[in-house]
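The values are calculated or read from the model by the stated rules, or taken from the named source; none is laboratory data. No experiment lies behind these values; they were computed from the predicted model shown. Please note: Cβ atoms are built from the backbone with ideal geometry, for glycine as well, and neighbour counts cover all protein chains shown. Just the protein is used for accessible areas: all its heavy atoms, side chains included, with ligands, DNA and RNA removed. Shrake-Rupley method; radii C 1.70, N 1.55, O 1.52, S 1.80 Å.
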Amino acid sequence: MEDVTNLPFRLIAKRIAGPGLMFTEFVSAMAIHYGAVKTFRKMRIDPAERPLGIQIFGGEPETMAETARIAEEMGADLVDINMGCWVPKVCKTGAGAALLKDPELAETIVRSVVNAVKVPVTVKVRAGWDWSLFAAPDLARRFEGAGAQMVTLHARFAKQGFEGEADWRLIDEMRKSVTVPLIGNGDVKTPEDALRMLRETGCDGVMVGRAAISNPWALARIRAAMTGEAPPKLPTIEDRIEVAMEHLRKMVACEADCQTFDEAKSTVGFADAELRACRALRGQIPLYIKGEYGASQIRDRLTRCSTVAEYGGILSELILALCR
């Protein structure tokens, strides 16, 4: 997920939830081809987060193969091809979900990427471009024949965006079309959702996306349910704020190309790195306290923060208010 599954969040999710597999933000093959530094930074991997897939998108077989090779060199445990993103700025380039309308090109891209790397190649798709054609089963068969070793289906059509409910019956239908592992995706928010998806669709695993934003504890509860472990304790407001601040500090360190926040503070470009990190998380930090009494009153202030100290001060006010 763009601007969400960056390195700082993945490290937090791994520590708290221990998911079996995570993916980077999707990486533009064309941007990598032209040497975009910001895009290359999305491909950084920390050994603590393995196994990790680098997800790439593009509409040209050659640049996709080139980017896949670079992802492998960067240490990716697998390369995932995004054919599910419905956002217009991606689709108008012929990438993402636009490839659902061109099965021949989609298959060629998968084959090119498979031939370019030694690590496994997987593909994420939507059910089809629109309701007129359930394209995923045919595409999945093509991808399996081209060498893809896993397919993930988001059970919505591209035209839906995130509107309406995911139709898990589509996952069940697709299960009949492929022999490689099939991962179900769409509207999994709770442990009960995950178990029901496994039961009703026969999929081999469950992908969680938006429900994990600023909420790694949701991932922890889902993983525990799927592995038969005791459910972890729900986080306190203090826990949530502590992790929010950890996320923020890790983001600053990442923007400064440093290992720690303290190291970042000693760099010449600290102020710029801090501002970029704070701006990047303005939409996510408030979600850490969503639903807490008094959270709505400080949400607007949090979305205007420009320093770590500002965030910390406002969140500390919430703790004090709750203790009165």
Exercise. Using alpha carbon coordinates only, what is the Rg to Rh ratio of segment 1-141, with Rh defined as the Kirkwood radius?
Worked result: 0.96
Exercise. How large is ³J(HN,Hα) for each residue in segment 74-89, as worked out from phi by the Karplus curve 6.51 cos²θ - 1.76 cosθ + 1.60 (θ = phi - 60°), to whole Hz, x for Gly and Pro?
Worked result: 6, x, 4, 7, 7, 10, 10, 9, 8, 10, x, 5, 9, 4, x, 5
For this session: At 7 Å along the Cα-to-beta-carbon direction for both SER296 and LEU105, put a label point, then send me their distance in nm to one decimal.
Result: 4.6 nm
Seminar exercise, completed: In Å², rounded to a whole number, the accessible area per residue of segment 20-162 with probe 1.4 Å is 40 Å²
Seminar exercise, completed: The Cα radius of gyration of the chain, divided by 2.2 N^0.38 Å with N its residue count, comes to 1.02
Problem set entry | segment 183-243: trypsin sites (Lys or Arg not before Pro) in DSSP coil with no more than 11 other Cβ atoms inside 10 Å | LYS233
For this session: Post the alpha-carbon centroid distance, segment 133-196 to segment 264-324, in whole angstrom.
Result: 37 Å
Problem set entry | Förster-model FRET efficiency, 22 Å R0, LYS89 and ARG276, C-beta, rounded to 0.05 | 0.55
Seminar exercise, completed: Note on segment 148-225: alpha-carbon gyration tensor, axes a ≥ b ≥ c; rule is a/c under 1.5 for rounded, else prolate if a/b larger than b/c, else oblate; result oblate
Exercise. VAL308: accessible area at probe 1.4 Å, nearest 10 Å²?
Worked result: 10 Å²
For this session: First obtain the Kirkwood hydrodynamic radius of segment 42-85 from its Cα pairs, then insert it into the Stokes-Einstein equation at 4 °C and 1.567 mPa s, and state the resulting D in µm² per second as a whole number.
Result: 120 µm²/s
For this session: Could you go through segment 125-135 in sequence order and give the Karplus-derived ³J(HN,Hα) for each residue, using 6.51 cos²θ - 1.76 cosθ + 1.60 with θ = phi - 60°, rounded to whole Hz, and x for Gly and Pro?
Result: 10, 9, 5, x, 6, 8, 5, 6, 8, 7, 7
Seminar exercise, completed: Among chymotrypsin sites (Phe, Trp or Tyr not before Pro) in segment 281-324, those in a DSSP loop whose Cβ has at most 14 other Cβ atoms within 10 Å are TYR293
Exercise. Taking only Cα atoms, what is the 0 to 90° angle, nearest 10, from helix 216-227's long axis to the longest principal axis of the chain?
Worked result: 50 degrees
Seminar exercise, completed: Cα-Cα longer than 20 Å, checked against LYS14/LYS189; LYS38/LYS118; LYS159/LYS189; LYS189/LYS290, kept in input order, equals LYS38/LYS118; LYS159/LYS189
Exercise. Which sequence of TRP129, TRP86, TRP168 reflects their accessible areas, 1.4 Å probe, from the largest down?
Worked result: TRP86, TRP129, TRP168
For this session: Over the chain, with every protein chain in place, what whole percent of the accessible area is carbon and sulfur at 1.4 Å, could you tell me?
Result: 53 percent
For this session: Send over the Kirkwood Rh of segment 209-256, from the inverse of the averaged 1/r over different Cα pairs, rounded to one decimal Å.
Result: 12.1 Å
Exercise. Probe 1.4 Å, all protein chains in place: accessible area of ARG126 in Å², nearest 10?
Worked result: 10 Å²
Exercise. Based on the Cα coordinates of segment 105-211, what is the per residue volume of their convex hull in Å³?
Worked result: 101 Å³
Seminar exercise, completed: Ranking LYS42, LYS265 from most to least accessible area with a 1.4 Å probe gives LYS265, LYS42
For this session: Quick one: grab the alpha carbon gyration tensor of segment 148-307, order the square roots of its eigenvalues as a ≥ b ≥ c, and give me rounded if a/c is under 1.5, else prolate or oblate depending on whether a/b is larger than b/c.
Result: prolate
Problem set entry | About the Cα centre, charge dipole magnitude for segment 1-91 (Lys/Arg +1, Asp/Glu -1 at Cβ), debye | 360 debye
Exercise. What is the set of long-range amide H partners of PHE23 at a cut-off below 5 Å, with H atoms built 1.01 Å from backbone N?
Worked result: GLY53
Problem set entry | Of the GluC sites (Glu not before Pro) in segment 197-272, those whose Cβ has at most 13 other Cβ within 10 Å and which sit in DSSP loop | GLU229
Problem set entry | Local net charge near GLY53, Cβ-Cβ under 12 Å (Lys/Arg +1, Asp/Glu -1) | -2
For this session: Please find the FRET efficiency linking THR307 to ALA36, where r is the Cβ-Cβ separation and R0 is fixed at 22 Å, and quote it to the nearest 0.05.
Result: 0.20
